[in-house]
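Student: Below is the structure I would like to discuss, written out as structure tokens.
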Amino acid sequence: MRQYELMMIINPALSDAEKTDLISQIESEFAHAKAKILSSNHPGERDLAYRIHGSKTGHYLLYTLSKEDGSWNDVTNAFNIKINIWRFMFVRIED
């Protein structure tokens, strides 16, 4: 199985309940794509290098995932339509 790292920035203005709901939606997308969460780290709110949607801060999420095939198209499409997911990037971890 291949391993991947996902760094994500979500809207910091969300309430705790909204963040919890969004995180559960994100993790359900992983399950739908048959990806396994190896570890998750939620560093929280951090300063951004540049403003996104007028905000100087963003709420960061970091996941380490494993998946049989390398196709993240369905997950990427689902993330692109969620307005509270500002940025995300998948990176393959070399063996």
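The values are calculated or read from the model by the stated rules, or taken from the named source; none is laboratory data. All values reported here derive from a predicted model rather than from experimental measurement. Counting neighbours? That spans all protein chains shown, and the Cβs are built from the backbone with ideal geometry, glycine included. Surface areas here come from the heavy atoms of the whole protein model, side chains and all, with no ligands, DNA or RNA. Shrake-Rupley method; radii C 1.70, N 1.55, O 1.52, S 1.80 Å.
Student: Given H placed on each backbone N at 1.01 Å, which residues far from Ala35 in sequence or on other chains put an amide H within less than 5 Å of it?
Tutor: none
Student: Starting from the Cα of Lys36, draw a straight line to each of the lysines and keep only those under 23 Å, dropping any in the same chain fewer than 8 residues away.
Tutor: Lys19, Lys67, Lys82
Student: Please list, in order along segment 57-67, the HN-Hα scalar couplings obtained from phi with the Karplus expression 6.51 cos²θ - 1.76 cosθ + 1.60 (θ = phi - 60°), rounded to whole Hz, x for Gly and Pro.
Tutor: Taking θ as phi minus 60°, the curve returns 10, x, 9, 9, 10, 9, 10, 10, 10, 10, 8 Hz for segment 57-67.
Student: How many percent of the accessible area of the chain is carbon or sulfur, using a 1.4 Å probe?
Tutor: Details: 2820 of 5870 Å².
Answer for the chain is 48 percent, counting heavy atoms of protein chains only.
Student: While we're here: In nanometres, what is the gap between the two model label sites at Asp69 and Thr57, each 7 Å from Cα along Cα-to-Cβ?
Tutor: Spacing of the two 7 Å Cα→Cβ label points: 4.1 nm.
Student: Can you compute the modelled spin-label distance between His32 and Asp47, with each label point 7 Å from Cα toward Cβ, in nm?
Tutor: Rounded to a tenth, the inter-label distance reads 3.7 nm.
Student: Scan around Trp86 for amide H atoms under 5 Å from its own, H built in the peptide plane at 1.01 Å from N, and keep only partners 5 or more places away or cross-chain.
Tutor: The list, which skips near neighbours in sequence, is Ile9, Ile10, Asn11.
Student: Averaging sequence separations of C-alpha pairs under 8 Å and six or more residues apart, then dividing by the length of the chain, give the relative contact order as a whole percent.
Tutor: Numbers: 149 pairs, mean separation 47.9, N = 95.
Averaging sequence separation for qualifying contacts and normalising by length gives 50 percent for the chain.
Student: Next up: What is the extension gain from Glu18 to Ser39, computed as 0.36 nm multiplied by their sequence separation minus the C-alpha to C-alpha distance, in nm to one decimal? Provide the component values of the computation, followed by the final result.
Tutor: On the way: separation 21, 0.36 × 21 = 7.56 nm, distance 2.17 nm.
Residue separation times 0.36 nm, minus the Cα-Cα distance, leaves 5.4 nm.
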